[in-house]
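I have placed the structure first, in the form of structure tokens, so that the comments after it can refer back to it.
Each value in this text was obtained by applying a stated rule to the coordinates, not by laboratory testing. Here the structure is a predicted model, which is why all the values come from computation and not from measurement. Here the Cβ is made from the backbone with ideal geometry for all residues, glycine too, and neighbour counts use every protein chain on show.
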Amino acid sequence: MLPICASPVQQTQSRDVLILACATLACLIPFSGKAFHIDDPVYVRAAQQILSHPADFYGFRMNWRGTEMLVADFQQNPPGVSYLLAVAGLCFGWSERALHLALLFPAVAAVIGIYFLAQGYCSSPLLAALLSLLTPSFWVSSTTVMSDVTMLAFWVWALVFWTRGLRQGRWWMLLVSSILIGLCALTKYFGVCLIPLLFAGSLAWRRRLGSWALFLLIPALMVAGYQWAGYCLYGRALFGEALRYASSRQPTGGLSTLARLLTALSFAGGCISAAAFYAHELWTRRTLVVGTAFAMLATLAVILIVDQGALALWTEGENRWAFLLQFSFLVAVGAQLLWLAVLDFLNRKDAASALLFLWMAGTFVFAALLNWAITARTFLPIVPAAVIILLRRLEQRNLEALRLPSARALGPLLATALLGFTVAFADYTLAGSGREAANALNLEYRDKQMWFQGHWGFQYYMEQLGATGFDVLNSKPAPGELMVVPVNNTNLFWPRKETVRIVKLLQFQTCSWLSTMHPAVRAGFYANSAGPLPFAFGNVPPEEYYVFSVVQPLRLGE
């Protein structure tokens, strides 16, 4: 028999998938030794709990908000990714490198899924997948062990199977998609949004209800089952508790809402930075200059004229003008992305453009106004849609700009890669400072009783080395004992001056010109409480850790 040769389309797909897998590994493997950072320790502890009690994932206690609590009382995400980490920990151990390498599989799956999804929406799916990979939001999120990238992998593959199943009339694809939607929601609650998104998109496509709608009941039942399990285990419906927590922290008043909208535009512009590098291809020169200048000046005027509330919070200090320029520019880029989505829908007015618009608009509204905080991680689901819309705009203007490896496509791609790498590197050094500080403190004060405050990765490494976390309700450090307080951290309770004396101030240098999380430069990648920029260039101070000696017994409120 003659060998069956693959078609040119299959050969191209195989080549592109190999390129994307290799590119993802090349981007992420160098960061596989990254220290645990931000909420990583909660996911790791939950994974360790799962190994000993598989059905009781949050049935243990942690001091994560200043006092020891049941994890089910404060963790606002489902345990999906912790089950993956549990398997990785069982097979390969609990080192940072082992867990990061294990989560390369969801990252590769997400990038390849974006490629197959983009095939149905634009003519350059390889470029769409590469741009998504290289955005700061995806690159940095892929160097954590949190749930975001795994959720995105389920998200994009659910869309791939659903759209193809709907077009080809294959029920098994719809079934696979519905299960993936449920897994997406059980990895991060935002995945529930796929149910109304696909319902609306399918209705726009088919123009009537059909049997396809019944498949969307499957993920709804999966989430309901999780709700029931949470109530049985912990006396509360965990998904409902997360909704209540988010709603309790919503902005009140017009100024707060305006501040959140501007911050959300800034995060969108920074997280999907490719829009800035392709801007000269997206618009005429006059439109680009006038539109960018108008958006930046309008943003500056709003911030500088309104000198109260959240809008004025970040406009003081030595980095003031550096912040204002970066913020106004990223707001302009974010506004451009939303306008591209509107134009795509108005120009095409088909089911595909409707789905992309709802995807973009819905994610933006959730990230800006409904989530408990504005974070770059919350904008991760918007990345594939934004990149696809950007490429669809380029198709309308000039197809040559899309053909790799032409300079017109490669130049902005490399610029996106350079920015994505530098942001990921800055976050890598920031995460490493917590591990370095814990090791230095243990080396110098290992023979003394040492309490510490602060959480994130610093807490993880301090506990590994035997230090005791300060519980604001129960701990009573005695005179002569030490208290370590990191400056750039969360849920801190600073002691009164008369109760302690400063023994030492330790400083650890991170990236000195770029940060993802530092109030001094207004960078708040993981929470806008640190600043309204997803990342910021400027004079970044070192991470500081105060070592106090207790001279009077500490009590609550002191």
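Structure notes:
- Amide H to amide H distances under 5 Å link Leu514 with Gly538, Val540, where only residues 5 or more positions off or on other chains count and H is placed in the peptide plane.
- A crude spin-label estimate for the pair Val551 and Phe74, with each label 7 Å from Cα along the Cβ direction, gives 3.0 nm.
- The trypsin sites (Lys or Arg not before Pro) found in the stretch 173-226 that occupy coil by DSSP, while having at most 11 further C-beta atoms within 10 Å, are Arg207, Arg208.
- Segment Ala440-Leu297, length gained on full extension (0.36 nm per residue, minus Cα span): 46.8 nm
- Sites Thr12 and Val365, calculated FRET efficiency, Cβ-Cβ separation with R0 41 Å, nearest 0.05: 0.65
- Estimated from the Cβ-Cβ distance and a Förster radius of 56 angstrom, the FRET efficiency linking Leu325 and Leu217 is about 0.65.
- Judged by the gyration tensor of its Cα atoms, with axes a ≥ b ≥ c, the stretch 424-558 is prolate; a/c meets the 1.5 cut and a/b is the larger of a/b and b/c.
- When each of Lys34/Lys476; Lys188/Lys497; Lys476/Lys504; Lys34/Lys448; Lys34/Lys497 is checked by Cα-Cα distance, pairs over 31 Å: Lys34/Lys476; Lys188/Lys497; Lys34/Lys497
- Trypsin sites (Lys or Arg not before Pro) within the stretch 320-351: DSSP coil, no more than 14 neighbouring Cβ in 10 Å: Lys349
- Signed unit charges on C-beta, dipole axis of the stretch 426-550, positive-most listed residue Pro477, Pro542, Tyr526: Pro477
- Relative contact order for the chain, counting Cα pairs under 8 Å that sit 6 or more residues apart, in percent: 16
- Residue separation of Arg348 and Phe493 scaled by 0.36 nm, minus their Cα-Cα distance, works out to 46.7 nm of gained length.
- Overall shape: oblate for the stretch 13-248, with the ratio a/c of the largest to smallest alpha carbon gyration tensor axis at 1.5 or above and b/c at least equal to a/b.
- Asn398/Gln168 FRET efficiency (R0 30 Å; Cβ-Cβ; nearest 0.05): 0.40
- Restricting the GluC sites (Glu not before Pro) of the stretch 404-470 to loop positions (DSSP other than H, G, I, E, B) with no more than 12 neighbouring Cβ atoms within 10 Å leaves nothing.
- Global form of the stretch 113-205, assessed from the alpha-carbon gyration tensor, a/c cut-off 1.5: oblate
- Counted residue by residue at 0.36 nm each, then reduced by the alpha carbon distance between them, the extension gain from Ala200 to Ala229 reaches 7.5 nm.
- Point-to-point label distance, Ala98-Lys448, nm (Cα→Cβ direction, 7 Å offset): 3.4
- Estimated [θ] at 222 nm from DSSP helical runs (n ≥ 4, -39500 (n - 2.57)) normalised by residues in the chain, nearest 500: -18500 deg cm²/dmol
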